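Just so you know, all these numbers are worked out from the coordinates, no wet-lab data involved. Note that this is a predicted model, so its numbers are computed, not measured. A quick note on method: Cβ atoms are made from the backbone with ideal geometry, for glycine too, and the neighbour counts reach across all protein chains shown.
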Amino acid sequence: PFDKSDIIFRPDYDATTCNQDLSPENLPAGFGYPLITDDDCSLTSVTYKDQLFTFVDGACEKILRTWTVIDWCTYVQGTNTGIYTDLQIIKLSNKINPVFTECKDITVDVFGECKGDVTLSVTATDDCTKKEELKYSYKIDLNNDNVFGSAESPLKGNAATFTHVLPIG
């Protein structure tokens, strides 16, 4: 008779590229659908259900894929007879850094009090994150003393653009 020993459930899978279709038919060989080794005297069907989690366990995405194999010849409704399940974990980790597209040195004209208006802007692209979902931050240490401005005039923030009056140097 058919039992769990006739099913080869696939191992967990770690992907390192984004925008990859992680449906079973698109995973590399050996990571997709379970293999049924003895289907001569059974009538089996295979299905799966995915639960998607983002930013967990050092991964961008984690899919908990629950596989269910049913043998209709031995299945008994209301019991676990004839039903076999397994959990496959699929992790997506981004190993490619974002690419900054506007990051350049600038020269600022300074007059009078040896201070000048400085505006810096940056944009980036990423293979996993949409442009509008990227997060930016900056810290400016004018005197190399691990101080980033003052309470009245902080030189750190979370934006893609920085505008401030800075001294020469």
Response to the item:
Semi-axes (Å, rounded, descending) of the ellipsoid equivalent to the chain per its C-alpha gyration tensor are 59, 15, 11
Fill in: Lys, Arg +1 and Asp, Glu -1 on Cβ, resulting dipole of the chain about Cα centre, debye, nearest 20
340
Fill in: the range 23-85, dipole about Cα centre (Lys/Arg Cβ +1, Asp/Glu Cβ -1), debye to the nearest 20
240
Fill in: the range 1-61: proportion of alpha-carbon pairs further apart than 19 angstrom, %
43
Response to the item:
Note on the chain: contact order normalised by length, alpha-carbon pairs under 8 Å, 6 or more apart, percent, works out to 18
Worksheet entry | Farthest positive-ward along the chain dipole, Cα basis, beta-carbon charges - from V118, V99, T16 | V118
Worksheet item: So what does log10 I(q)/I(0) come out to for the range 46-126 at q = 0.14, 0.21 Å⁻¹, using the Debye formula with one equal point on every Cα and no solvent?
Response: -0.74, -0.99
